[in-house]
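Working notes for the structure below.
We did not get these values from a lab; they are worked out from the coordinates using the rules stated. The shown structure was predicted, so the numbers you read here are calculated from the model rather than taken from an experiment. Methodologically, a virtual Cβ is constructed for each residue, glycine included, from the backbone with ideal geometry; neighbour enumeration extends over all protein chains shown.
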Amino acid sequence: MNTWVKDAIVYQIYPRSFKDSNNDGIGDINGIRSKLDYLQQLGINTLWLSPIYDSPCDDNGYDIRDYQAILSKFGTMQDFDLLLEECHQREMKLVMDLVINHCSDEHEWFEKSKQSKTGPYADYFYWSDEPNDLRSVFGGSAWEYCESRQQFYLHTFSKKQPDLNWECADLVEKIEQMVDWWLDKGVDGFRVDAISFLDKSGIEAAPNGSFATEACVNRPKGHQHLQHLMTKIHSRDVLSVGEINARDTEELLDYILPSRSEFQMAIVFTPPEVEVFHENLNRYYKEQLKTRIEVQQQGAWNANFLSNHDKPRQVSLYGDDNEFWSQSAKALAVLNLTQHGTPYLYQGEEIGMTNCYYDDISDYDDIDTLAKYREQLALGMSSNDALAMVSKASRDNSRTPMQWDDSLFAGFSDAKPWLKMNDNKSSINVDSQQNDADSVLQFYKQLIQLRLNSEALKTGETSLYDTEDAIIAYQREGDCGTYSIVVNLSNEMVSAPHIPLLESAELVLGQELSEHLPPYYFAVYKS
Ligand code: TEU
Ligand code: CA
């Protein structure tokens, strides 16, 4: 693995919501270019862009119509080339989002495949005369009938996202050519989307009513395809991170053990019903931490994150976006930036952006949210209850426009944004935190510098202290010393753990340990 990957601080940008440079209400590439100084001053050295390719945007770009063209609403290929050049001038890396489990039904490959059962594109997708009753992630059947071909095609996600057939050598060659084309342009790696489902051999035998994702998840040929593709990609000086559905540590290690030649690290998708609706998030988080430690002990690297474009905002999910908003945002930052592995920040987490609950379903955009809402109504739930339920886990919580200042559209745009702003933009925004020494933003800057300057926090050994539920405490040991991290991830006062090492350690961040730890207490000690 290239050393820069272990020094990376990755900042995920959801381009549609980051910064709108031409006032059409939609974020764009030139908007990102205008914020490179901000990102560099924050301490970011690597950007990951959610998809910017040409797309009908049924799933906001995760349905690609042309892998080698830029979505016109986001700008031009020339804009992209300038962004890439300006990142490199700043010694920042730029990682793209690679969506190759499926493409758009408007992609040329699908347009041609649906025209003929015998032509050169016939097998680029999964076609069936008599499909079973598999379910798609975004609701309804995972099979859609195509009049022109007189057959059904498989889509694990929306019907506008037909699954690509990785058993078709010609398709795989086309994908590898496209990947090489982006690498030749100088991009610095890929986050690879929904990549646990490439082997569809389990589909026929899948029980009726099961999700297509379950029928295809983490099967042998999927790994074989990945090893072939990723071996080529890793011949370059790149970062690779796979978005996977690992149901246990073994399935996770199958993707990230160096011996597997698949990914350098993984972002593990956790279904909302497991995380968002968990009854004790402290315990859930501690279990996650134990898995990370096991992964590290097995010799694998990992990706640390709390937020992304598919999850609610971390300060609302794990912290407290009300009484202890700032303290809990900082406590979560400590957890995200002091662990083994590459830390991933999601746009807006550095200023403590929160969930945004709309009071009308028509304000929501996300295909997944709307599908789940319809599903609940069909099950007989009232519209109010259905709205309350889906809004808690809605992916739109993390997609509200970035809050740059307290103006009408928060400095994101001069035009009405594509998605409703969060009302708290007047109090939570970059401008108001830039010159506030006690702000969440300034805290992130301090913490990022601490991490960048400490080998122990990047690659040091990790051991977990045995503490009661709300307290998460661990140490990171390296050649340059040992860091001890203590966090009270609750809104209650709790008794302090007894950690002898701290008696001779120096407080680097946070408050001195005392007999009782206040809500969302955090401390980083060095010894
Ligand atoms: O999300 C992946 C994803 O949703 C699946 O891994 C998950 O297993 C599924 O929801 C069932 O629980 C990625 C992108 O991050 C997301 O934004 C896209 O909507 C999705 O893939 C399709 O491209
Ligand atoms: Ca725009």
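With Cα atoms as the point set, region 108-154 shows a radius of gyration and Dmax of 10.9, 31 Å. Where only DSSP H runs of four or more residues are counted, the chain gives -8500 deg cm²/dmol as its mean residue ellipticity at 222 nm, each run worth -39500 (n - 2.57). Reachable aspartates and glutamates from residue 416, Cα under 17 Å, same-chain residues fewer than 8 places away excluded? Within the straight-line cut-off, residue 416 pairs with 20, 24, 28, 363, 365, 396, 405, 406. Each of 261, 398 was scored by other Cβ atoms within 10 Å of its Cβ. Arranged with the fewest first, they read 261, 398. All C-alpha to C-alpha distances of the chain, sorted into 20 Å bins beginning at zero, yield P(r) values of 22, 57, 20, 1 percent in whole numbers. Our summary of shape: the Cα atoms of region 209-297 have principal axis extents of 44, 36, 19 Å, ordered from largest down, in whole angstrom.
The ranking of 87, 146 by Cβ neighbour count inside 10 Å, starting from the fewest, reads 146, 87. Calculated FRET efficiency, residue 408 to residue 453, Cβ-Cβ distance, R0 = 45 Å: about 0.65 to the nearest 0.05. With 0.36 nm allotted per residue and the present C-alpha distance subtracted, the residue 88-residue 23 stretch has 20.7 nm of extension available. For the pairs 200/290; 200/311; 114/160, note any where the Cα-Cα span goes beyond 25 Å. As for pairs spanning more than 25 Å Cα to Cα, those are 200/290; 200/311.
Converting phi to 3J(HN,Hα) with the Karplus coefficients 6.51, -1.76 and 1.60 and the offset θ = phi - 60°, region 287-299 yields 5, 4, 5, 4, 5, 4, 5, 5, 4, 5, 5, 7, x Hz in sequence order, with x at every glycine or proline. Summarising the amide proton neighbourhood of residue 151: residues at separation of 5 or more, or on other chains, whose placed amide H is nearer than 5 Å comprise 146.
Entry note, the chain: relative contact order of 13 percent, from Cα contacts under 8 Å with a spacing of 6+ residues.
Once both axes come from the Cα atoms, what is the angle between helix 77-89 and the longest principal axis of the chain, in degrees from 0 to 90, rounded to 10? Tilt relative to the chain: about 30 degrees. The 3J(HN,Hα) values that the Karplus relation (6.51, -1.76, 1.60; θ = phi - 60°) gives for region 128-135 are, in residue order, 9, 7, 9, x, 8, 9, 7, 9 Hz. Gly and Pro appear as x. How far, in degrees from 0 to 90, does helix 325-337 lean away from the longest principal axis of the Cα atoms of the chain, to the nearest 10? Here the helix axis deviates by roughly 70 degrees. By other beta-carbon atoms within 10 Å, ranking 57, 356 with the fewest at the front produces 57, 356. Most simply put, the chain has about 55% antiparallel DSSP beta bridges, counting only bridges with both residues inside it. For the peptides 299-309, 361-371, 429-439, residues were scored by their other Cβ atoms within 10 Å and the scores averaged per peptide; the highest-first order is 299-309, 361-371, 429-439.
For residue 181 and residue 507, the FRET efficiency from 1/(1 + (r/R0)^6), where r spans their Cβ atoms and R0 equals 56 Å, is about 0.65.
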